[in-house]
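Working notes, beginning with the structure itself.
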Amino acid sequence: MRKKQLNIEYREYYSGEELPVDEAELLKSAAKATHDAYSPYSGFNVGAAVRLDNGEIITANNQENAAYPSGLCAERVAIFYAQAKYPDAAIESLAVTASQKGVPCEMPTLPCGACRQVMAESESRSGKALKIVIGGSRRTMVIESVSGLLPFPFNNLPEKEKEE
């Protein structure tokens, strides 16, 4: 038996002015997308924006449905749309933010497990790290790769174990 430990590194910002310009721009796009979310049941609006390696920025939001759980999270709407419209473009970064009944959430709203798995698959498809920017009005987190959110994705095992 070997005992192992995971360490997850991320950056944390306490004001929008601290964020690098590209990350701040993407987060603003995600915040704007929250306004068009369809969330009549929860009143919880989530916006997402992805930046592709071709320079395109795709925005999306959560879409609820009376036949719960038939709705879809903003992150998956954005990723699936980006991959359908630009199948050869890699997703470089994804920003997410949320509001409750029109008021921006103070703390970052972390993606659900299903969204994390979709992000992991997208990162695996492209072979490039997918940066995740998760914003709140009081704090923003920046995670350099999906492994910082989902260290053990489904069906994404290494080809062979390395001896340590």
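Selection over segment 1-45 of residues that are among the hydrophobic types (A, V, I, L, M, F, W, C), without any contact (Cβ under 8 Å) to a residue 24 or more places away in the chain and either in a loop (DSSP other than H, G, I, E, B) or closer than 11 Å to A95 by Cβ (or both) gives a count of 2. Which one is surrounded by the most Cβ atoms within 10 Å (Cβ to Cβ) among residues in segment 115-130 that are under 13 Å from F152 (Cα atoms) and among the small types (G, A, S)? Checking each candidate, the answer is A120.
Just need a number here: residues in segment 138-147 that are among the polar types (S, T, N, Q) and either farther than 14 Å from E12 by Cβ or under 11 Å from the mean Cα position of the chain (by Cα) (or both).
Kept after step one, since they are among the polar types (S, T, N, Q), are these residues of segment 138-147: 140, 145, 147.
Right, trim to either farther than 14 Å from E12 by Cβ or under 11 Å from the mean Cα position of the chain (by Cα) (or both) and you get 145, 147.
Final tally of qualifying residues: 2.
Hey, does segment 138-158 have a residue that's hydrophobic (A, V, I, L, M, F, W, C), without any contact (Cβ under 8 Å) to a residue 40 or more places away in the chain, under 20 Å from D36 (Cα atoms) and part of a loop (DSSP other than H, G, I, E, B)? No, every residue in segment 138-158 fails to be hydrophobic (A, V, I, L, M, F, W, C), without any contact (Cβ under 8 Å) to a residue 40 or more places away in the chain, under 20 Å from D36 (Cα atoms) and part of a loop (DSSP other than H, G, I, E, B).
E18: of a type in the set (D, E), surrounded by fewer than 22 Cβ atoms within 10 Å (Cβ to Cβ) and at pLDDT 95 or above, yes or no? Taking the combined requirement at face value, the residue does not satisfy it. Kindly evaluate E106 against the criterion of being under 22 Å from E12 (Cβ atoms), modelled with pLDDT of 95 or more and buried (at least 23 other Cβ atoms within 10 Å of the Cβ). Taking the combined requirement at face value, the residue does not satisfy it. Residues in segment 95-112 that are more than 16 Å from L26 (Cα to Cα), among the aliphatic types (A, V, I, L, M) and outside any loop (DSSP other than H, G, I, E, B): V103 only.
For segment 14-44, what are the residues that are under 17 Å from V77 (Cβ atoms) and among the polar types (S, T, N, Q)? Result: S29, T34, S39, S42. Within segment 21-52, restricting attention to residues that are of a type in the set (A, V, I, L, M, F, W, C) and closer than 17 Å to R139 by Cα, which residue is surrounded by the fewest Cβ atoms within 10 Å (Cβ to Cβ)? Per the stated criteria, the residue is V21.
Scan segment 121-137 for residues that are of a type outside the set (D, E), under 20 Å from D53 (Cβ atoms) and either within 11 Å of the chain's Cα centre (by Cα) or in a helix (DSSP H, G or I) (or both) and jot them down. Spell out how you get there, then give the answer.
Filtering segment 121-137 for residues of a type outside the set (D, E) gives 122, 124-137.
If we keep only those that are under 20 Å from D53 (Cβ atoms) too, we end up with 122, 124-133.
Within segment 121-137, S122, S124, R125, S126, L130, K131, I132, V133 meet the criteria.
For segment 69-107, which positions are touching a residue at least 40 places away in the same chain (Cβ under 8 Å) and of a type in the set (K, R)? Once the filter is applied, which keeps residues that are touching a residue at least 40 places away in the same chain (Cβ under 8 Å) and of a type in the set (K, R), segment 69-107 yields R76, K101. Can you report the number of residues in segment 54-63 which are loosely packed, with under 14 Cβ neighbours inside 10 Å and on the phi < 0 side of the Ramachandran plot? Total satisfying the criteria: 2. Looking only at residues in segment 72-94 that are surrounded by fewer than 18 Cβ atoms within 10 Å (Cβ to Cβ) and part of a helix (DSSP H, G or I), which one is nearest to the chain's Cα centre (by Cα)? So, considering only residues that are surrounded by fewer than 18 Cβ atoms within 10 Å (Cβ to Cβ) and part of a helix (DSSP H, G or I), the one nearest to the chain's Cα centre (by Cα) is F80.
The values are calculated or read from the model by the stated rules, or taken from the named source; none is laboratory data. Not measured: the values here are computed from a predicted model. As a convention, Cβ positions derive from the backbone with ideal geometry for all residues, glycine included, and neighbour counts pool all protein chains shown.
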